[in-house]
Structures are given as structure tokens and as C-alpha cells.
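Engineer: Below: one structure in C-alpha cells.
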Amino acid sequence: MQEALPLAPMLSRFLLRNRCNAVEVADLSQESFARLYESAQRERPAMVKPFLFQIARNLMIDRLRKQSVVSLEVMTEFDWLNIPDDKPSSERALEGRQELRLLQAALDDLPPRCRQVVMMRRIEGLSQKEVAERLGISIDTVQTQIAKAMRLLTQAMAGRRGAVTTEARRYNLVRKPRDVG
């Protein structure tokens with residue numbers, strides 16, 4: 001492998017251009033020549049220079065992969081107790097349950113047709129057209145009922161439960177005859 005040794009300076013420059021430091025250049029050069037020699041014992045490469053540079057390139061890739069993998073020893077050095085838990089605090093869980101109760105109560109306080117449209121549209125996932133067909137009402141009525149329900153539910157969630165109940169009662173008294181079903 002006499003033709004490989006003159007390639008050493010060229011290989012060093014190649015490694016330096018690819019952001020290797022002096023220690024890495026020496027290590028990678030030595031490892032590249034060792035692998036070239038091992039390979040040549042089995043079968044002599046047809047073109048030594050490209051083969052040697054491919055070995056060096058593969059070694060650089062292997063080093064980059066190893067650098068991007070975090071070893072288990074490094075992972076044990078972290079103080080895992082200081083990492084916050086993703087589950088909500090007991091206060092947040094309680095607050096969430098209270099919000100759900102408020103939402104359920106607000107849904108219960110909606111006018112019957114309004115509640116029915118919301119349940120079919122938002123809970124069951126039906127389209128406006130499907131809701132209108134099932135209830136025998138127009139798509140405009142479905143849109144109106146959804147808008148009204150969203151306004152009432154928003155008010156309830158904002159803590160104005162009394163206004164929701166009052167408006168729902170008022171709506172029940174003045175609703176249009178075509179919406180009765």
C-alpha cells in the first residue's frame with residue numbers, strides 16, 4: 001500500500017476542512033489507514049484515494065452520530081427531581097372539575113331546542129345540514145341556535161350564570177312557533 005502513504009497530508013487537510021480538531025485529525029487519519037490496510041489484506045481496492053477518503057468520511061459520520069447520542073452516564077447526572085410533573089396540580093384539577101360542572105349546568109339551562117342543536121352539532125359532530133334534517137328545521141335556524149347557545153354558554157363560563165338562566169327563560173317565553181318541535 002505504498003500509494004496510500006503519500007495521501008496522508010491530503011487526508012489531514014480534508015479532515016481539517018471538515019471541522020475536525022488536531023487530535024481528531026490524528027485519530028481519524030490513523031483509523032482510516034488502519035481500516036484501509038485491513039481491507040487491502042482481504043482485497044486490494046481498485047482506487048486507493050477515493051476508498052481512503054470514503055473510510056475517513058464514514059468515520060467522521062460515526063463520530064458525529066456518537067456525539068449526538070447522550071450517554072446513560074450523562075443522563076444520570078441530571079437532577080430528575082427538579083423536572084416539573086406534566087399532570088395538573090390538585091388546584092388546577094379542582095378548577096377543571098368546577099368548570100365542567102358549570103358547563104354542564106349551563107347546558108342544562110339552555111332552551112330545549114338550543115340544547116338539542118348544540119348536542120347534535122358539537123357533541124355528536126353532525127353537520128348543520130344533518131342537524132337541520134333530523135330536527136326538521138332550516139340550516140339558518142341551526143346557525144341561530146348554535147350562536148345563541150355559544151353566547152349563553154360563554155356568559156355562563158364567565159361567571160354570569162344568573163344572566164344565562166334569565167335569558168333562557170325569556171327565550172322560552174318568546175321563541176318562534178316554527179322552532180317548536
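Engineer: Anything in the range 1-52 that is in a loop (DSSP other than H, G, I, E, B), closer than 18 Å to LEU64 by Cβ and either without any contact (Cβ under 8 Å) to a residue 40 or more places away in the chain or small (Gly, Ala, Ser) (or both)? List them, or say none. Don't jump to the end; show me each part of the working.
Structural biologist: If we filter the range 1-52 for residues that are in a loop (DSSP other than H, G, I, E, B), which is where we start, we get 1-4, 18-21, 43-47.
Of the ones still in play, those that are also closer than 18 Å to LEU64 by Cβ are 18-21.
Once the filter is applied, which keeps residues that are in a loop (DSSP other than H, G, I, E, B), closer than 18 Å to LEU64 by Cβ and either without any contact (Cβ under 8 Å) to a residue 40 or more places away in the chain or small (Gly, Ala, Ser) (or both), the range 1-52 yields ARG19, ASN21.
Engineer: Also, quick follow-up: Determine whether LEU36 is surrounded by 17 or more Cβ atoms within 10 Å (Cβ to Cβ) and within 17 Å of ARG13 (Cα to Cα).
Structural biologist: Values: surrounded by 17 or more Cβ atoms within 10 Å (Cβ to Cβ): yes; within 17 Å of ARG13 (Cα to Cα): no.
In short, no.
Engineer: Right, another one. Being farther than 17 Å from ALA156 by Cα and buried (at least 18 other Cβ atoms within 10 Å of the Cβ) is the filter here, so list the residues in the range 88-115 that pass it. It would help to see each step written out before you state the result.
Structural biologist: Initial filter on the range 88-115 (farther than 17 Å from ALA156 by Cα): 88-94, 113.
Selection gives ARG113 alone.
Engineer: Of the residues ASN82, ASN58, which is farther than 23 Å from THR141 by Cα, surrounded by 11 or more Cβ atoms within 10 Å (Cβ to Cβ) and either at pLDDT 80 or above or not hydroxyl-bearing (Ser, Thr, Tyr) (or both)?
Structural biologist: Working: ASN82 fails: surrounded by 11 or more Cβ atoms within 10 Å (Cβ to Cβ).
Sole residue among the options that is farther than 23 Å from THR141 by Cα, surrounded by 11 or more Cβ atoms within 10 Å (Cβ to Cβ) and either at pLDDT 80 or above or not hydroxyl-bearing (Ser, Thr, Tyr) (or both): ASN58.
The values are calculated or read from the model by the stated rules, or taken from the named source; none is laboratory data. As the structure is a computational prediction, the values presented were derived from the model and not from experiment. We place every Cβ from the backbone using ideal geometry, glycine too, and count neighbours over all the protein chains shown.
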